1. Mind listing just one residue for me: the one in the stretch 50-69 that is at pLDDT 85 or above and part of a loop (DSSP other than H, G, I, E, B) and, of those, nearest to Gly123 (Cα to Cα)?
2. Show the residue pairs that are 6+ apart or on different chains and have beta-carbon atoms under 6 Å apart, the first residue being within the stretch 100-114 and in contact (Cβ under 8 Å) with a residue 24 or more places away in the chain, the second being in a loop (DSSP other than H, G, I, E, B) and among the β-branched types (Val, Ile, Thr).
3. Output the residues belonging to the stretch 157-171 that are exposed (fewer than 13 other Cβ atoms within 10 Å of the Cβ) and in a loop (DSSP other than H, G, I, E, B).
4. Among the strands (runs of 3 or more DSSP E) contained in the stretch 88-156, which hold 1 or more residues that are of a type outside the set (A, V, I, L, M, F, W, C)?
5. Would it be correct to say that Thr105 is out of contact with any Lys or Arg (no Cβ under 6 Å at 6 or more places or on another chain), within 24 Å of Pro38 (Cβ to Cβ) and surrounded by fewer than 20 Cβ atoms within 10 Å (Cβ to Cβ)?
Amino acid sequence: MKTFCYAAALVALFSMGLVVPAQAQVPPNCTVEPATDPDRELLRCAFGLLIEIEAAAALEITGEVSPDAPTAMDLNSGAAFIEVEPGAARPQIRTPHAIAAVRGTVYVVDVTETTTSVFVVEGEVTVSKVDDQSEAIVLGPGDGADVGGDTTLEANVWPAERARSLLARFGR
């Protein structure tokens, strides 16, 4: 199992051409690059996956990694903007509260200590609770869900201001 942890130091080392530490391996056919305004890191993969992650977020690749794509990633804190080309890699994004399964789409996953929020920009994402995967919902464009504690899992059209605020964290 390969692990990939984002950190500001990793991006600095990678961009300077220095050796990346063994615990912070980049998946095959992927590159890491910094982005600014706001500060974040981009994992860009040849197999049709782009993940932008906030500088303070923690993302690990935990599933099988091959040239075709990782199968699962754990986002334990912070937010990630995920863009998956239709028919491309479809890794699950797992958080302490939820699992977001990609169907070729653009979406955001935001993790706090008590809640995971998933918002879909385009396409579809299946969301389930980590401890009850039988109760899954499908989110479409403009839909969001908050998962945590004893809350009922349901899709809601997010107010424009909430969506705008979340997307602004990624310069959108």
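The values are calculated or read from the model by the stated rules, or taken from the named source; none is laboratory data. Since the structure is predicted, the reported quantities are computational estimates derived from the model, not experimental observations. Neighbour counts are summed over all protein chains in view; Cβ atoms, including those assigned to glycine, are modelled from backbone coordinates with ideal geometry.
1. Ala57
2. Pairs that qualify, where the first residue is in contact (Cβ under 8 Å) with a residue 24 or more places away in the chain and the partner is in a loop (DSSP other than H, G, I, E, B) and among the β-branched types (Val, Ile, Thr), are Val111/Thr95.
3. Pass one, the stretch 157-171, residues exposed (fewer than 13 other Cβ atoms within 10 Å of the Cβ): 157, 159-161, 164-165, 168.
The answer is Pro159, and nothing else.
4. Details: elements: 92-94, 98-102, 106-111, 116-122, 125-129, 132-139, 143-147.
Fully inside the stretch 88-156 and qualifying: 92-94, 106-111, 116-122, 125-129, 132-139, 143-147.
5. Numbers: out of contact with any Lys or Arg (no Cβ under 6 Å at 6 or more places or on another chain): yes; within 24 Å of Pro38 (Cβ to Cβ): yes; surrounded by fewer than 20 Cβ atoms within 10 Å (Cβ to Cβ): no.
So Thr105 fails the test.
Per-residue answers, yes or no, for (1) modelled with pLDDT under 95; (2) not acidic (Asp, Glu):
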| position | (1), (2) |
| --- | --- |
| Thr71 | yes, yes |
| Ala79 | no, yes |
| Ala101 | yes, yes |
| Val120 | no, yes |
| Glu124 | yes, no |
| Asp131 | yes, no |
| Pro141 | no, yes |
| Trp158 | no, yes |
